[in-house]
Amino acid sequence: MSDAFLTAIENLSRFHHEHEKFYAQQPRQQAVAIQRHARTIAALANRWATNAAQPIDALNPYEGAEDLNTGEALQLDGVLFMEGEGEPTEITRIKRDLRTIGDDSIETGTWLAKAMEMTWDAATALVSYPELAGLLGDRHRIIANDWQAASMSSIAGRLLHRGVDLLDAVDLQPSAVRGDLDGPRTYSALMYSAVELIDRAADLLSDSAGLVHDNEPRWRHFRRKLLPLLGPQE
């Protein structure tokens, strides 16, 4: 076996192993963040699904809207509806965060899927080397886990984008929300649907991190068997 080939295999195993340590935890951190946002949206939907509109003759435009606010949304994400304001800035921020994580997830999933397709094809070269025969299962399982994680990441991103689309369909100015409370109450239904999509995205991101983390012992085994084939290391 050529030294150049072994060196390339060692390089890939070392750097990709370290790279995966990031993706074994970052998606779970993102999942926690978007689950918090989902809980905020669900809390507002719960409030608006049952209560009646009760506008007040506010003396100050920054007075809180008694009929629209909920303590849980205030505590989780600081969402405060005020009598003289429009869509709370905190909800605008939530939607921006969800879009950003969605963009990142799609970008990561697309890149990783392409990388794994190329890596899968390249892995066939290992079959030609008897010294690596015992490593083929670990190497292909690593690729398969990463490939599946890539798909989960891309789907999570699309779910987040669609969840924000549903939230964008809700006019979150106090007057508009009150109009819905006195009428069809479609806003709470749209928000519940958005929560379903966001929660599912969180689950997929967490599961994708679990798949990548599953590679950890396989990488150790792979390198433990590979390094002796390289000869003495400086």
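Please treat every number below as a calculation from the coordinates, not as lab data. Because the structure is predicted, anything quoted here is derived from the model rather than measured. Counting neighbours? That spans all protein chains shown, and the Cβs are built from the backbone with ideal geometry, glycine included.
For residue 28, indicate whether it is in a helix (DSSP H, G or I), without any contact (Cβ under 8 Å) to a residue 60 or more places away in the chain, of a type outside the set (Phe, Trp, Tyr) and within 30 Å of residue 196 (Cα to Cα). So residue 28 fails the test. Quick one: how many residues across the stretch 88-136 are outside any helix (DSSP H, G or I) and closer than 28 Å to residue 31 by Cα? Number satisfying all stated conditions: 1. Applying the criterion of being touching a helix residue (DSSP H, G or I) at 6+ places or on another chain (Cβ under 6 Å) and not in a helix (DSSP H, G or I) to the residues of the stretch 151-171, the residue that is surrounded by the fewest Cβ atoms within 10 Å (Cβ to Cβ) is 169.
Whether any residue in the stretch 202-221 is closer than 15 Å to residue 45 by Cβ, assigned to a helix (DSSP H, G or I) and under 24 Å from the mean Cα position of the chain (by Cα) is what I want to check. Can you show your working first?
If we filter the stretch 202-221 for residues that are closer than 15 Å to residue 45 by Cβ, which is where we start, we get none.
Taking every residue of the stretch 202-221 in turn, none turns out to be closer than 15 Å to residue 45 by Cβ, assigned to a helix (DSSP H, G or I) and under 24 Å from the mean Cα position of the chain (by Cα).
Considering the stretch 116-125, the residues that are in contact (Cβ under 8 Å) with a residue 12 or more places away in the chain and closer than 24 Å to residue 21 by Cα include one that is farthest from the chain's Cα centre (by Cα), namely 123. What are the pairs, 6+ residues apart or on separate chains, where a residue within the stretch 178-201 that is touching a residue at least 60 places away in the same chain (Cβ under 8 Å) and within 23 Å of residue 55 (Cα to Cα) has its Cβ under 7 Å from a residue that is of a type in the set (Ser, Thr, Tyr) and assigned to a helix (DSSP H, G or I)? Short answer, once both residue conditions are applied: 180/186; 180/187.
For the stretch 117-138, which positions are under 28 Å from residue 201 (Cα atoms) and either touching a Leu at 6+ places or on another chain (Cβ under 9 Å) or crowded, with 21+ Cβ neighbours inside 10 Å (or both)? The answer is 119, and nothing else.
For the stretch 78-111, a residue qualifies if it is touching a His at 6+ places or on another chain (Cβ under 9 Å) and either over 17 Å from residue 40 (Cβ atoms) or not basic (Lys, Arg) (or both), and the qualifying residues are 94, 97, 98, 102, 103, 106. Whenever a residue of the stretch 60-84 is at positive phi, its partners that are among the charged types (D, E, K, R) and surrounded by fewer than 16 Cβ atoms within 10 Å (Cβ to Cβ), lying with C-beta atoms within less than 9 angstrom and at least six residues away or across chains, give the pairs 78/93.
Look at (1) within 30 Å of residue 61 (Cα to Cα); (2) loosely packed, with under 13 Cβ neighbours inside 10 Å and you find that residue 94 fails only one, number (2).
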